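Everything on this sheet refers to the single structure shown next.
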Amino acid sequence: MLAALLLGGCGAKESIPAAVPVSLEDKVFAACKDIGELIRLPAGDLTDLIGIEQEDIREAYWLGSSGLDGREILAIRALDTQAALRAEELLKGYLEQRRQEAKNYLPEVYQLLTDTDVARKNCTLVLCVGADAKAETKALLDGE
Amino acid sequence: MLKKTVCLLALVLLLFPLARAEQLTDSERMTFYDDALFVGDSLARMLRNYIVPLREEDPSFFRDAKFYAAYSYQMRTAARERINADDVNLIYKGSPKTMCEIAAALNPPRLFIWCGLNDRIALHIDWAMSYVDRIMELMARYAPDTQVYFISLPPVTRKVENQSHVQAKWDAYNEALSEKCAQVGAVFIDVATDLKGEDGVMLRGISYDGEYHLNEEGNAIVVQTLLEFAQEQYDLGLWTLNGYAVTE
């Protein structure tokens, strides 16, 4: 039991942390402000756009701006450590692509995108784009 | 007797289009866009953002249509066969891909292309025409079963027109694009007309940014225009319900 506690992390061989009762959707609504106007982005686009395989995802919640202000909140609980690492790589590529899109086109959005990064804690990944991205990221990863 | 037969035949041929002109419901017209691929810039991205929440409520709304759009995407990039790392590219399953590569992968029945703003295309109509040629050549090789549609530029706002006086150029580009499409086997979709007011620029109250982009109301008009376009295609016998394009 001590060994299991020391291992930490997640994955098929390591024990998954005790079930987190709060859904990602609930965490997003608790942690993030001014999201009423954001649209729920389809889970299928996590694969079709970003390349994250659906079988790598245990749970995901994704909001994006309907306009051009760049606001985005994406939280993913991956299936296991390997899945989380794969998803992390793909999300970093996605973020880089968003930066390239905005660089010469939407300077304020570009600034928001360069001020943020993909964050991972155990099997949970978060990408927040917005004025309070750091605080939101911290809150979303809290307890993961 | 022969004369009567010929007259009867002529009458039938004349009336046949009218007989086909049944008014489809919006749900039926929507099926024209099932499994379609939309590619473009921020205009296409915002259209997608308008459609996505509606599709959450009603999966038949642009059922399974896929959108690949990037904020500053250019028609020049859409006309590339190979990725240029300096371009803003579309991302398909995590990798930058050209439009023709995505079309090859998805093999959609229809491809709708909505871009040109970032090329300042209305100021370079000759470039635009060469891009159209290139796109059609690529599509013939990469996705020969896909019908290609080019969507017109929307009108500019009164603010932009007062500053830059470009609407006439926008209109000229749209006309040139329409003619080009007829020449190369693509189909032109005019969304500009329904978005214009009597003064020939964008209707008041439908702009997202006061310049080029459309808000929710503007995108609602675009969707309505697309549905009417589907009706027109049906009336022309170019599309049947429960099927894809009738052979041209």
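Rule-based calculations on the coordinates, nothing more; no lab input. In this text the structure is predicted, and so the values were computed from the model without any measurement. Positions of Cβ are generated from backbone atoms using ideal geometry, with glycine treated the same way; all protein chains shown enter the neighbour counts.
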For the range B:116-248, what does the alpha-carbon gyration tensor say about shape, rounded, prolate or oblate, given a ≥ b ≥ c as the root eigenvalues, a/c under 1.5 as rounded, and a/b over b/c as prolate? oblate
Positive dipole terminus of chain B, leading residue within B:LEU214, B:MET139, B:VAL52 (C-beta point charges): B:MET139
If r is the Cβ-Cβ distance from B:GLU56 to B:LYS93 and R0 is 35 Å, what FRET efficiency results, to the nearest 0.05? 0.95
Per residue of B:86-95, other chain Cβ atoms within 10 Å number on average 6
Could you pull the Rg and Dmax for chain A, using just the Cα atoms, both in Å? 15.4, 54
Fluctuation leader among B:THR146, B:THR225, B:THR193 - chain B, Gaussian network, Cα springs under 10 angstrom: B:THR193
Peptide B:213-219, shielding by other chains (average Cβ, 10 Å cutoff): 1
Strictly over 20 Å apart at the Cα level, which of B:LYS66/B:LYS180; A:LYS92/B:LYS93; A:LYS27/A:LYS138; B:LYS66/B:LYS169 would you flag in this model? B:LYS66/B:LYS180; B:LYS66/B:LYS169
Across the residues of A:96-103, average count of Cβ atoms on other protein chains within 10 Å? 5
Which of B:GLU22, A:GLU59 has the fewest other C-beta atoms within 10 Å, and how do the rest follow up to the most? B:GLU22, A:GLU59
What whole-number distance in Å separates the alpha-carbon centres of the range B:83-133 and the range B:218-236? 23 Å
B:ARG76, B:ARG45, B:ARG63 arranged by Cβ crowding within 10 Å, fewest neighbours leading: B:ARG63, B:ARG76, B:ARG45
Tell me the mean residue ellipticity at 222 nm calculated for chain B from its helices only (DSSP H runs of n ≥ 4, each -39500 (n - 2.57), averaged over every residue, nearest 500). -15000 deg cm²/dmol
Please list, ordered by chain and number, the residues whose modelled amide H lies under 5 Å from the amide H of B:VAL187; skip anything fewer than 5 residues away on the same chain. B:VAL148, B:TYR149, B:PHE150
Can you compute the FRET efficiency between B:GLU175 and A:LEU85 using 1/(1 + (r/R0)^6), with r the Cβ-Cβ distance and R0 = 35 Å? Round to the nearest 0.05. 0.10
What helix-only [θ] at 222 nm does chain A give? Using -39500 (n - 2.57) per DSSP H run of at least 4, over all residues, to the nearest 500, the answer is -11500 deg cm²/dmol
Shape of chain B, Cα gyration tensor, a/c cut at 1.5: prolate
Whole-Hz Karplus couplings 3J(HN,Hα) for the range B:169-174, θ = phi - 60° and coefficients 6.51, -1.76, 1.60, Gly and Pro as x, run 5, 4, 5, 5, 5, 4
Among the aspartates and glutamates, which have Cα under 19 Å from the Cα of A:LYS103 when same-chain residues fewer than 8 positions away are ignored? A:ASP69, A:GLU72, A:ASP115, A:ASP117, B:ASP41, B:ASP86, B:ASP87, B:ASP119, B:ASP209
Segments A:121-128, B:104-111 sorted - mean Cβ within 10 Å per residue, highest first: A:121-128, B:104-111
Restricting to Cα pairs below 8 Å that are 6+ residues apart, what does the relative contact order work out to for the range B:64-200? Please round to a whole percent. 23 percent
Stretch B:GLU217-B:ASP86 to full length: gain in nm at 0.36 nm per residue minus the Cα-Cα span? 43.7 nm
Note, the range B:148-164: 3J(HN,Hα) by Karplus (6.51, -1.76, 1.60, θ = phi - 60°), whole Hz, Gly/Pro = x, goes 9, 10, 10, 8, 5, 5, x, x, 8, 7, 4, 4, 5, 5, 5, 7, 10
Relative contact order of chain B, defined on C-alpha pairs under 8 angstrom at six or more residues apart (%): 20 percent
With each label point set 7 Å from Cα along the Cα-Cβ vector, what nm distance links A:ALA135 and B:ASP145? 5.4 nm
